[in-house]
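What follows draws every value from the coordinates through simple rules; no lab data is involved. All values derive from a computational prediction rather than experimental measurement. Ideal geometry is used to build each Cβ from the backbone, glycine not excepted, and the neighbour counts take in all protein chains shown.
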Amino acid sequence: MPDKLPININDLLRQRTVEGERIEYKAGWNPDPILRTICAFANDFANLGGGYVVIGQDCDDNGQPIFPPVGLTVDRLDRIQQELLAHCQLIQPPYFPMLSVEVVEGRHLIVLWVPGGQTRPYKVPTSVTARHKNWHYYVRRYTSTVEAKGEVEQELLSLTAKVPFDDRFRQAARIGDLSPRLMQEFLAEVGSDLADDAPALSPEALGRQMNVVGGAAEAPMPKNVGLLFFNEAPERFFPGTQIDVLWFPDGAGGDRFEEKTFKGPLGRMTREALDYIQRNYLAQTVTKHPQRAEAERAWNFPYAAIEEAVVNAVYHRAYDEREPIEVRIDRAELVVLSFPGPDRSIKLADLQAGRAVSRRYRNRRIGEFLKELELTEGRATGIPKILKVMAANGSPPPVFESDDERTSFVIRLPVHASAKVTTPEFTDQVTDQVTDQVLSLLRLAAGGEHSRRSLQEALGLKHPPHFREAYLQPAVAAGLLAMTLPNQPTSRLQRYRLTVKGQALLALTAATRP
C-alpha cells in the first residue's frame with residue numbers, strides 16, 4: 001500500500017485533475033458495489049487509466065462530492081482494510097488496488113487507486129458474501145459500473161493477452177527511473193526526427209512520445225520496455241536481466257570455468273556481451289591446399305550466428321522470470337540458453353529446418369527497439385540465418401532444443417571441424433575422461449534416437465543395472481548422450497540421442513585412429 005496518493009487528495013475530490021467518470025464515491029463500506037467498481041476500473045475498458053474509489057465520501061444527485069465528508073470512524077479503518085483484502089482475493093485473476101488512508105476536513109477516508117489491470121479481463125462475484133457465487137465481468141459506462149454483456153463482453157474478452165509484458169506499466173517505478181540521456185542517445189543513434197526536440201521535452205513528455213510512458217495524466221507510469229532500455233540498472237526492476245558468458249577450458253564437466261557478467265540497458269548489454277565474445281573466443285583457421293591457389297578460411301564459431309543466437313535470447317526471453325541468459329563456451333560448442341522456450345505453436349523440427357513462421361512474439365516492443373538498433377530484423381529470420389551462416393562457414397548444423405513444457409530454449413553451435421581436430425588440449429581432455437564402454441555406446445547411438453532396451457540389446461548386455469552404471473549414466477553425465485524427456489527420466493517413452501559434444505568426440509576418435 002502506498003504512503004500517499006500520486007495526486008493531491010483535494011484535487012482528486014474536486015475533480016480538478018481526474019474526470020468524473022473515473023471516480024466513484026461511497027459514503028460507507030458496502031463490499032458488493034465497491035468490488036464491482038474495482039473490477040470495472042481494473043478492466044479499463046475505455047483505456048482511460050483506471051480510476052479511484054473514495055470510501056467515506058458522499059455525493060449529491062449530480063455526482064459532486066459533499067463537504068465535509070461523512071468520513072469513517074477510526075476504529076473501523078483496520079476492519080475495512082482487512083475485509084477488503086479478503087474480498088479482493090475473489091477477483092479473477094487476482095487484483096489488489098492500492099490503498100491510502102487520507103484525512104479531509106478532519107474526516108478519515110479510504111481512497112483506492114485502481115489502475116488498469118495488466119492481466120485483464122477481470123471478473124468478480126455479484127455478491128462476495130454469498131455461499132454460492134456467480135462471477136461476472138464489469139465495465140464503466142460514464143459514471144456508472146455495469147455488467148459487461150453481449151458485444152461488450154466479447155470485446156472485453158478479446159483484450160486478453162493484448163498487453164504483452166514489455167508493454168505493461170511498472171507501477172512500482174516512477175518517471176524519474178527513465179533516463180532522458182539514454183532516450184536522447186537512442187533517438188540520435190537511430191536518426192529519429194524526435195532527436196532534435198527531445199532535449200526541450202520533459203521526461204514524461206518524451207516518454208509518452210516514445211510510448212514508454214503511459215497511464216493517467218495525474219499518475220504517469222513507465223512501461224517495462226522503457227525501464228529495460230532506458231534505465232542504467234534494469235535488473236533492479238527485473239532481477240536476472242543480464243547475460244552471463246562462461247568459458248569452460250576443461251569442458252562443461254570440468255572444475256574450472258571463467259565467468260563474465262553483463263548488465264545494463266538491453267541494447268548496451270547485448271552489444272558489450274557480443275563484443276566480449278568476439279574479442280576473446282573467436283578464431284579463424286586457415287587451411288592451405290597444394291592444388292589450390294586460395295586457402296580455406298573458417299571460424300571456430302561464425303560471429304553472425306552467435307549474434308543471431310544471443311539477440312534471439314534477448315528478444316524472446318521472459319523478463320518476469322529470474323533467469324539470466326547464459327552463453328556457455330567450451331572447445332566443442334557454444335551454447336546460448338534462455339528462458340522460457342519457443343511458443344508451443346512452433347515445432348522443433350520446423351526450427352531445425354528453418355521453417356518457423358509463428359507471428360506470436362513474446363516481446364513485440366523489445367523487438368521494435370532491437371530492430372531500430374539494427375540488432376534484429378524482427379521477421380522470424382533469425383533461425384534461418386543461423387542455419388545459413390553455419391553452413392557457409394563449413395560448420396556442423398546448429399541444434400535447437402527445448403522440453404515438452406517449453407520452459408527453456410537452447411541453441412547449440414558446434415565448433416568447426418578444423419578447430420576441433422587441431423586442438424590437442426580438447427582431444428586429450430575428452431579421450432581421457434571416456435571409457436571404451438561409453439565409446440561403444442556412442443557409436444551405436446550415432447543414428448537417431450534409441451530406447452534404453454534397444455541400446456542394451458545392441459551391446460549384447462543382459463543386466464540393466466550394469467548397463468546403466470557402466471555405459472548409460474556416465475555418457476549422460478558427461479553430456480555425450482541426452483534424454484529426449486529430461487524432466488521424466490523414468491518415462492517408458494524415454495529415448496537417448498547423441499549430443500553435439502558426443503558427435504565431436506566420435507569425430508575426434510575417428511580422426512586420431514591409427
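Worth pointing out:
- Of the trypsin sites (Lys or Arg not before Pro) found in the range 460-496, the ones in coil according to DSSP and having at most 15 other Cβ atoms within 10 Å of their Cβ are Lys462, Arg492.
- Signed unit charges on C-beta, dipole axis of the range 175-232, positive-most listed residue Pro180, Ser202, Leu227: Leu227
- Relative contact order of the range 434-512, defined on C-alpha pairs under 8 angstrom at six or more residues apart (%): 36
- Links that overshoot a 32 Å alpha carbon limit, given the list Lys462/Lys501; Lys26/Lys149; Lys123/Lys263; Lys260/Lys385: Lys123/Lys263
- Note: relative contact order over the chain, using C-alpha pairs below 8 Å and six or more positions apart, is 10 percent.
- Taking the DSSP bridge list for the chain and keeping only pairs wholly inside it, about 85 percent are antiparallel.
- Along the chain, longest interval not containing exposed GluC sites (Glu not before Pro), exposed being DSSP loop plus at most 11 other Cβ atoms within 10 Å: 106-293
- Label assignment, P(r) over Cα pairs in 10 Å bins from 0, in percent derived from the structure, set [x] 4, 17, 26, 26, 17, 8, 3, 0, 0; [y] 3, 15, 21, 19, 15, 12, 8, 4, 1, 0; [z] 3, 13, 17, 17, 14, 11, 9, 8, 6, 3, 1, 0: [y]
- The range 175-232 - percent relative contact order, Cα under 8 Å, separation 6 or more: 44
- Rounded to the nearest 20 debye, the dipole size of the range 9-160 about its Cα centre is 340 debye, using +1 on the Cβ of Lys and Arg and -1 on the Cβ of Asp and Glu.
- 3J(HN,Hα) from dihedral phi, the range 482-496, Karplus parametrisation 6.51/-1.76/1.60, rounded to Hz, x for glycine, proline: 10, 7, 6, 10, x, 7, 10, x, 9, 5, 5, 8, 4, 9, 10
- Ser144-Thr435 pseudo-label distance in nm [points 7 Å out on the Cα-to-Cβ vector]: 8.0
- In the range 134-192, chymotrypsin sites (Phe, Trp or Tyr not before Pro) in a DSSP loop with at most 14 other beta-carbon atoms within 10 Å: Tyr142
- Taking a straight line from the alpha carbon of Lys133, these aspartates and glutamates sit under 15 Å away, with near neighbours fewer than eight places off in the same chain left out: Asp32.
- Within the shell defined by Cβ-Cβ distances under 12 Å, the residues around Ile366 carry a net charge of +2, with Lys and Arg each +1 and Asp and Glu each -1.
- Fully extending the segment from Glu321 to Ala195, taken as 0.36 nm per residue of separation minus the present Cα-Cα distance, adds 42.0 nm.
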